[in-house]
Amino acid sequence: MYRAAKQFSLLAIVVSLAVVLVACDRTKGSGDGKGSAVAATVNDKKIMLTEVDKILEQQAKSQQVQFSDMSQLELAAGRLQVLDELVRREVLYQRAEKENLLPKDDEVAQAINAQKQQLGTQEEFQRVLKESGQTEEAIRDVARRQLAIQKLLDRTAAKIEPPTDKEVEDFYNNNKARYVSQRGVALAAIVVDPADNGVTNDAKSDIEAKNKIDIINQRLKSNADFATVARAESEDPQSVQRGGDIGFFTEEQLKQSGFPQDLIGRFFGEMQVGSYTAPIQSSGRWTIFKLTDKRLQSENLTLGNPDVRKDATDNILNQRKQILNAAMLEVAMREARITNHLAQDMLNSSTALSSLRPAGSRPAATPASSPAANASASPAASPASGSGAAATPANGGAKPPASNTNAANSSK
C-alpha cells in the first residue's frame, strides 16, 4: 500500500533546510567581493556573502565535496542558488513578521525539545550540533523563522475549501495504481556497527560489536520490547528514531537491496509476524531483523477504505496549498524591495567569477553541478553494489546482509 512518511528532524533543520539559516551576524559590509560583502538586501535587510558561503559549504560537506575544491563556475552557480532561496525565505519571514505571525518563545522551545526527543539523548543532540558547526542559539533562530513562515503558509492554506466527493472520486480513478496493497513484508532492525558512531554505548571494535549484539539478542529472547531496545541500543540513526522500523518492502525491493534469497524466503515463508532473526553480519555490521507485517498477496484498495479516501483528499488539498503558496510568494516577492548585489557584481565585472573563489582553493578541471543544485534531492538508497553492501530501499536505513548466511534462524 502507499506510504506517506513525514519526518522532521534536527538534522533536516541543520542540513536539508540549511537555507533557512540566518543566524549569522548581519553586520555592515561592503561590496568588495570578500566575506564582508553584502550579497543581497530585502527591504534593507542585508544577507551577507558569509551566510551564503556557510550554507553552500554545509551542502558541499553533506555530499562529501570539499568547498575549496569547487570550480569557479560551481561556486558561482551554487552561490546564486543558495542566495535565491535565502531571499525567498527572508521575504516570507518579513511578511510573517508584518502580519504579527512570529512564534512565541515557548513555541520555539517546544519545537527544539521535540527535535531533542527525536534524537533520543542530549548527547546525540550535541553531537549533531557539533557536526553541523551550529550552536543551539542558531538552531533556535532557524526554528523561529521556520515556525513564522509555517504560520504564514498555514493561514493561506486555511482559505482552501475541502474537495467534493466527485473530486475525490476523480483523483482515485486517475491514480488507481497508487492504491494497491502490495505483496511484501514490513521490517524493523537493530544495528550494531564496530565503527565509532558517537552514540551512547557505542561499539568501537569487532569484538565489542559482537559482544553487544549477543547481549541484545539475549535481551530479546527474555521478552524485551524490540522497539525499546532499538531506541536505546541501535547504532543506526533511522532505527533509533523509529524504534527499529525501516519500512515495508516488496520481494523485488529486497532482492535489489542485496538481501540473500534464503532470508527473503524466511520472511515470506515460515517466519511469523513478531519473530526476529538471529544476529546477521554483513560488511562488518551486525543486524537483527524483526518481521512486523507480512502480506502474501497484492490487493487493490477501494475508495471505501477510509485510509484511501483520506489519502486522496490530502493529495488534493496539498496540490491546492502548493498553488496558493506559490501565488502568495509571487505577490510577496513583487511587493518587496530586493537587490541582488551578487548577481549584479557578476554581470558588471568580467573577472567576477575569478574573484569569487574561496580563499586557498584551486579551480577544478571541468565544471560540474554544484552542491546547491542537488540539495533538494534526498539521498535515496540505491541497489546493492558489486561489493555486496545493501541499503534499505526508500529510506537508506539499516543495511541488510549481502550474502547468504545460516545465522538467520528466526526465534521468538
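Every number in this text was worked out from the coordinates using simple rules, so none of it is lab data. Here the structure is a predicted model, which means the values were calculated and not measured. Using ideal geometry, Cβ is built from the backbone for each residue, glycine included, and neighbour counts are taken over all protein chains shown.
Here the calculated FRET efficiency for residue 349 and residue 61, from their Cβ-Cβ distance with R0 = 30 Å, stands at 0.55, rounded to the nearest 0.05.
Over all alpha-carbon pairs in the range 180-300, figure out the percentage whose distance exceeds 18 Å.
Summing the P(r) of the range 180-300 above 18 Å gives 51 percent of all pairs.
Between residue 100 and residue 206, the contour length at 0.36 nm per residue exceeds the alpha carbon distance by 32.6 nm.
Could you give the length gained on full extension between residue 110 and residue 325, defined as 0.36 nm per residue of separation minus the Cα-Cα distance, in nm?
Additional length available on full extension: 74.9 nm.
Backbone geometry of the range 123-134 corresponds, through the Karplus equation with coefficients 6.51, -1.76 and 1.60 at θ = phi - 60°, to 3J(HN,Hα) couplings of 5, 5, 4, 5, 5, 5, 4, 5, 5, 8, x, 10 Hz, x marking Gly and Pro. Protection proxy ranking for 171-177, 224-230, using the average of other Cβ atoms within 10 Å per residue and placing the highest first: 224-230, 171-177. Other residues whose C-beta falls under 14 angstrom from the C-beta of residue 313 contribute a net charge of -2, scoring Lys and Arg +1 and Asp and Glu -1. Listed cross-link partners 98/151; 151/321; 61/116; 54/98 are compared with a 18 Å cut-off, the Cα-Cα value being larger for 61/116; 54/98. Coupling constants for the range 153-159 follow from the phi torsions by the Karplus curve (6.51 cos²θ - 1.76 cosθ + 1.60, θ = phi - 60°), and in residue order they are 5, 5, 5, 5, 5, 5, 7 Hz; glycine and proline get x. With a Förster radius of 45 Å applied to the beta-carbon distance between residue 307 and residue 333, the computed FRET efficiency rounds to 0.75.
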